[in-house]
1. Which of the residues that make up region 29-59 are open to solvent by less than 100 Å² (accessible area, probe 1.4 Å), in contact with a Leu (Cβ under 8 Å, 6 or more places away or on another chain) and in a helix (DSSP H, G or I)?
2. Could you go through region 66-78 and let me know if any residue there is in a loop (DSSP other than H, G, I, E, B), among the small types (Gly, Ala, Ser) and under 20 Å from His35 (Cα atoms).
3. Filter region 63-84 for residues that are hydrophobic (A, V, I, L, M, F, W, C) and loosely packed, with under 13 Cβ neighbours inside 10 Å and give the result.
Amino acid sequence: MEERIVLCGANAYEQKYYFNEKFKQIPQSIQDELHIICVLFTEEVGGIFTFVYEPDGSLSLETTAEEDDFYYDEIGSGLLINQIRQTRQEMIETLELYYRVFILHESFDLEDED
């Protein structure tokens with residue numbers, strides 16, 4: 001299974017949001033939060049914004065824009081991705097763990113905290 005899988009994304013050009021039904025078991029509160037993050041991102045900087053799972057289970061935040069989109073804020077998009085990674089670090093780590101356990105079927109061991 002060496003493919004990347006889109007979790008969700010928003011498209012400013014079509015004004016649409018997409019959520020991959022393969023992940024419908026993710027709690028609704030997290031789905032709602034992802035929806036808000038994606039839509040607000042595209043409203044602020046434009047283009048297309050996606051959360052994409054890498055083959056190893058890590059979660060990438062990606063943005064692209066059409067070549068002739070002069071309104072797309074490339075600098076702002078990088079800054080906003082960094083801000084999302086910092087403020088939503090716990091959610092991103094939880095989504096990565098979810099993917100590794102339920103999609104990749106990796107074993108999950110809790111370490112004793114004594």
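1. Matches in region 29-59: Ile30, Leu34, Phe41, Val45.
2. no
3. Phe70, Ile75, Leu79, listed by residue number.
Each row is one residue, and each column tells you yes or no for (1) at pLDDT below 95; (2) surrounded by 11 or more Cβ atoms within 10 Å (Cβ to Cβ); (3) hydroxyl-bearing (Ser, Thr, Tyr).
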| position | (1), (2), (3) |
| --- | --- |
| Cys8 | no, yes, no |
| Lys24 | no, no, no |
| Pro27 | no, no, no |
| Leu61 | no, yes, no |
| Gln86 | no, no, no |
| Ile92 | no, yes, no |
| Phe102 | yes, yes, no |
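The values are calculated or read from the model by the stated rules, or taken from the named source; none is laboratory data. Being a predicted model, the structure only gives us computed values, none of them experimental. Neighbour counts are summed over all protein chains in view; Cβ atoms, including those assigned to glycine, are modelled from backbone coordinates with ideal geometry. Areas reflect the complete protein model, heavy atoms only, side chains present, ligands, DNA and RNA absent. Shrake-Rupley method; radii C 1.70, N 1.55, O 1.52, S 1.80 Å.
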